[in-house]
1. Under 8 Å between Cβ atoms, which residue pairs at least 6 apart in sequence (or on different chains) link something in region 53-70 that is of a type in the set (Val, Ile, Thr) with a partner that is open to solvent by 60 Å² or more (accessible area, probe 1.4 Å)?
2. Starting from region 88-105, keep only residues that are on the phi > 0 side of the Ramachandran plot, then list their pairs with residues that are part of a helix (DSSP H, G or I) and crowded, with 18+ Cβ neighbours inside 10 Å whose Cβ atoms are within a distance under 9 Å, requiring at least 6 positions of separation or different chains.
3. Can you tell me which residues in region 77-95 are farther than 14 Å from Leu253 by Cβ and not in a loop (DSSP other than H, G, I, E, B)?
4. Please indicate, with yes or no, whether at least one residue in region 117-130 is within 16 Å of the ligand (Cβ to nearest atom), surrounded by 21 or more Cβ atoms within 10 Å (Cβ to Cβ) and closer than 18 Å to Val254 by Cα.
5. Going residue by residue through region 39-49, is there one that turns out to be near the ligand (Cβ under 10 Å from one of its atoms), closer than 15 Å to Val255 by Cβ, in a helix (DSSP H, G or I) and not basic (Lys, Arg)?
6. Identify the residue in region 140-191 that is of a type in the set (D, E, K, R), open to solvent by 20 Å² or more (accessible area, probe 1.4 Å) and touching a Phe, Trp or Tyr at 6+ places or on another chain (Cβ under 7 Å) and, among all such residues, is nearest to Glu247 (Cα to Cα).
7. Taking only pairs six or more apart or across chains, which ones have beta-carbon atoms under 8 Å, a first residue in region 143-164 that is hydroxyl-bearing (Ser, Thr, Tyr), and a second residue that is open to solvent by less than 40 Å² (accessible area, probe 1.4 Å)?
8. Determine whether Gly136 is open to solvent by less than 30 Å² (accessible area, probe 1.4 Å) and under 29 Å from Ala23 (Cα atoms).
Amino acid sequence: EESTTAAVGESVDYEIIGIDPGAGIMKATAKAIEDYGLEDWTLIEGSGAAMTAALKKAYDKEEPIIITGWTPHWKFVKFDLKYLEDPKGVYGDEENIHTITRNGLVEDHPNAVKVLDQFHWTADDMSTVMVMIEEGTKEEEAAAKWVEENAEKVAEWTAGAEKVDGDKITLAYVAWASEIASTNVLAKVLTDLGYDVTMTQLEAGPLWAGIADGSADASVAAWLPVTHADYAAEFEGKFEDLGSNMEGTRIGLVVPSYMDINSIEDLK
Ligand code: PBE
């Protein structure tokens, strides 16, 4: 047993391939390293794109790799992957993605807030957009295609919202595949309604700070209650939570199914 475990650690140089340091999953993983006694392990900082590049490289050669992973994400469509069990519950249960706005946005841009408030889709919807982008379709084109093919759903989001004439609105997001997809779709819908939309790509901390100080108008990238709990607490009262736009997301440690481990405890 012990030798198998040591073999897993050695096979990946005791490295967990992480993403951008501001991501909630990075904080959760630092806690997992502590709670599971994995002091021999290192969490590597990088980005969502660097993580998927490393995953692709390992997967093609059927080599071992451990990543910080989340659902929905195209990697689960393209690769055969599994979450490591988390008996201590460090990564929380299923959660939701919330739409947040700066305080006062509803007074300034009520029609945009109507759409943001009514925006709601499924993990499958988001995956469709993510996979198109991963397969080479430009982000805006993938979003436009999804909007065109899902007119009924989009009509529910825009119901009761009046057209505007070039009002400016900024949507803040982080370069996570999931949020690239959702933000581009929302930007397309708001653009079609007459808004002049700016998509502002930020790290997670500056995103929350930007919503709180009013320099950004809205974001559809708030994972709650666990992943972004620290940010939500830090900026409490300084943003509006419009509720969830998707249910049933998940974060954790993820490995290719061909790896012979099943639990985070197997890393000890
Ligand atoms: N993620 C994707 C983010 C939220 C969305 C899981 C990488 C995070 O960990 O903060």
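The values are calculated or read from the model by the stated rules, or taken from the named source; none is laboratory data. Values in this document were obtained by computation on a predicted structure and should not be read as measured data. Neighbour counts are summed over all protein chains in view; Cβ atoms, including those assigned to glycine, are modelled from backbone coordinates with ideal geometry. Calculation scope for accessible area: heavy atoms of the full protein, side chains included, ligands and nucleic acids excluded. Shrake-Rupley method; radii C 1.70, N 1.55, O 1.52, S 1.80 Å.
1. Sorted first by the residue in region 53-70, then by its partner, the pairs are Ile66/Glu15.
2. Listed pairs, sorted by first residue: Gly92/Ala28.
3. Val77, Lys78, Glu95
4. No, there is no match, as no residue in region 117-130 is within 16 Å of the ligand (Cβ to nearest atom), surrounded by 21 or more Cβ atoms within 10 Å (Cβ to Cβ) and closer than 18 Å to Val254 by Cα.
5. no
6. Lys153
7. Thr158/Val115; Thr158/Val189; Thr158/Leu193
8. Answer is no for this residue.
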